[in-house]
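See structure below.
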Amino acid sequence: STPLYSSAASDVYKRQITQTSNRFQQGVNRLLQSRVATILATPHGVDRYLEVLNPMWSVDEVRAEVERVDYLTDDSTTVTLRPNSNWQGFIPGQFVQLTVTIDGKRQTRCYSPANSVHRADGRIELTVKAHANGFVSRYLREQMSVGEVVTLSQAAGEFALPAERPKRVLLISGGSGITPVMSMLRTLCDEGFSGPVTFLHYANSAADMIYASELESIAERHDNVTLLRCFNDESEHGELTGLFSREHLFRSVPDYAEATVFLCGPPPMMAAVEKIWEEDGLGDRLHKEQFTLASPDLQSDNVAGEVRFLQSERVEVNSGATLLEQAEEAGLTPQSGCRMGICHTCSCRKTAGKVRDIRTGEISDASEEIIQICVTVPVGTVTLDI
């Protein structure tokens, strides 16, 4: 049988349909964003009515449908999302805030897309390692299902592959920190990047390594990509063994000083890498992202006093936990996202008292200031405008 259209003609037809659909959607969005639509939708808002018709519809919110849920390792979940037309894309390395509804409450966390920015179908891939105390990560692992609709923020973050690609790239990751650098590697490969790329990953064991088989395949297909796997157990078949060290660099990446480095992983590993780059005066070549707090002592120096919530007219005994946790323990629901001081969603005004940043240990006694309550603990009595 003879096809009705040539392949080229079919592609042109598909593009015309897509362009027409996009123009129609843009026109609808302009109408829905108008003052008239806002007045007619009061008090609930336009989105409230749109989501009754289709949960993916929104005037300006990024919503995404779960298309696939995969399990690459025993404790990780890979979710493939189809975003609506409000999604503006991302730069490899950036993160998004994912919001899911659990037991009727919206919960938000930060995750880095792992896919190439050149993915043909426009889908977003998030891979999350489930932690014992990870409320959202456990939900994704145990309850997330195909067809569920979630909310995303637009991509953000300064940890990103520069538009002018470096001549020599070194990607260093540990555990679930593999996701942003995986996006970088996939993107570079899709672009036909020909410069040398070394992918150095640390994991407890081969079974714990996310994207293990794909990384092997990439290294086999791309002569410029070198894969170095480092496992704690000497019986595992990795190129390296043990924790990150200068010896690993000397032995396996002798030209590391010439590379632009992108680093993401557990705090101890990242600290070890940073120390060597600082000692060698290479700090300007090291770019890093961290999604895990470095096991801080959550107790403040002085657990006496109270935490006063101004707007809510609540007063609670200071427990020494983070101000976000104390607000939630008091029955309040302040906005929050990453819970580790990255996204600034939880920022609020402190009107009185001293606080300590659990990341740095620094104490601030400014009478009024904007603070991130997910990474600060009170030192004595503190008043928040919540």
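Could you pull the accessible area for W57 with a 1.4 Å probe, rounded to 10 Å²?
Answer for W57: close to 120 Å² accessible.
Could you tell me which GluC sites (Glu not before Pro) in the range 307-381 are loop residues by DSSP with no more than 14 other beta carbons within 10 angstrom of their beta carbon?
Those that pass, being in a loop and sparsely packed, are E313, E362, E368.
What whole-number value in Å² describes the accessible area per residue of the range 220-366 for a 1.4 Å probe?
Normalised by residue count, the accessible surface of the range 220-366 is 54 Å².
What full-extension length gain, to one decimal in nm, is calculated for D385 and D284 as 0.36 nm per residue of separation minus the Cα-Cα distance?
32.5 nm
In nm², what is the average projected area of the convex hull enclosing the Cα atoms of the range 148-257?
8.8
K129 accessible area, nearest 10 Å², 1.4 Å probe?
40
Subtract the Cα-Cα distance of A163 and S145 from 0.36 nm times their separation in residues, and report this length gain in nm to one decimal.
Going from the current span to full extension adds 2.9 nm.
In straight Cα distance, which aspartates and glutamates are under 17 Å from K129, not counting same-chain residues fewer than 8 positions off?
Leaving aside aspartates and glutamates fewer than 8 places away in the same chain, those within reach of K129 are D70, D74, D75, E142, D208, E289.
Calculated FRET efficiency, S213 and I370, Cβ-Cβ r, R0 45 Å, to nearest 0.05?
Efficiency computed from Cβ-Cβ geometry: 0.50.
Using heavy-atom solvent-accessible surface (probe 1.4 Å) with all chains present, what is the largest-first order of V149, V273?
From most accessible down to least: V149, V273.
Which distance in Å, rounded to a whole number, links the C-alpha centroids of the range 122-181 and the range 264-288?
21
Rounded to a whole number, what % of the accessible area of the range 136-224 do carbon and sulfur atoms account for, probe 1.4 Å?
45
Each residue of the range 349-355 in turn: what ³J(HN,Hα) in whole Hz from Karplus with 6.51, -1.76, 1.60 and θ = phi - 60°, glycine and Pro shown as x?
Going residue by residue, I get 8, 8, 9, 6, x, 9, 9 Hz, with x marking Gly and Pro.
What's log10 of I(q)/I(0) for the range 222-371 at q = 0.18 Å⁻¹, Debye sum over Cα points only, no solvent?
Taken in order of the listed q values, log10 I(q)/I(0) reads -1.08.
Quick one: Cα convex hull volume of the range 317-370, Å³ per residue?
Output value, Cα hull per residue: 87 Å³.
What GluC sites (Glu not before Pro) in the range 160-265 are in a loop by DSSP, with at most 15 other Cβ atoms within 10 Å of the Cβ?
Loop-located and lightly packed - E164, E191, E234, E239.
Considering the Cα trace of the range 90-157, what is its radius of gyration and what is Dmax, both in angstroms?
For the range 90-157, the Cα-based Rg and Dmax read 12.4, 36 Å.
Give the aspartates and glutamates reachable from K167 as a straight Cα distance under 14 Å; neighbours fewer than 8 places away on the same chain don't count.
Of all the aspartates and glutamates, those that pass the test against K167 - Cα under 14 Å, at least 8 places apart if same chain - are E191, D255, E258.
Could you name the lysines in cross-link range of K105, using Cα to Cα under 20 Å and dropping any fewer than eight places away on the same chain?
none
Keeping all protein chains in position, work out how much accessible area K105 exposes to a 1.4 Å probe, and write it in Å² to the nearest 10.
It works out to around 130 Å².
On a 1.4 Å probe surface of the protein chains, which of R119, R141 comes out largest in accessible area, and what is the full order?
Largest to smallest exposure gives the sequence R119, R141.
The values are calculated or read from the model by the stated rules, or taken from the named source; none is laboratory data. Remember, predicted model here, so these are calculated numbers, not experimental data. So basically every Cβ, Gly included, is an ideal-geometry build from the backbone, and we count neighbours across all protein chains shown. We work out accessible area using only protein heavy atoms, side chains counted, and drop any ligands, DNA or RNA first. Shrake-Rupley method; radii C 1.70, N 1.55, O 1.52, S 1.80 Å.
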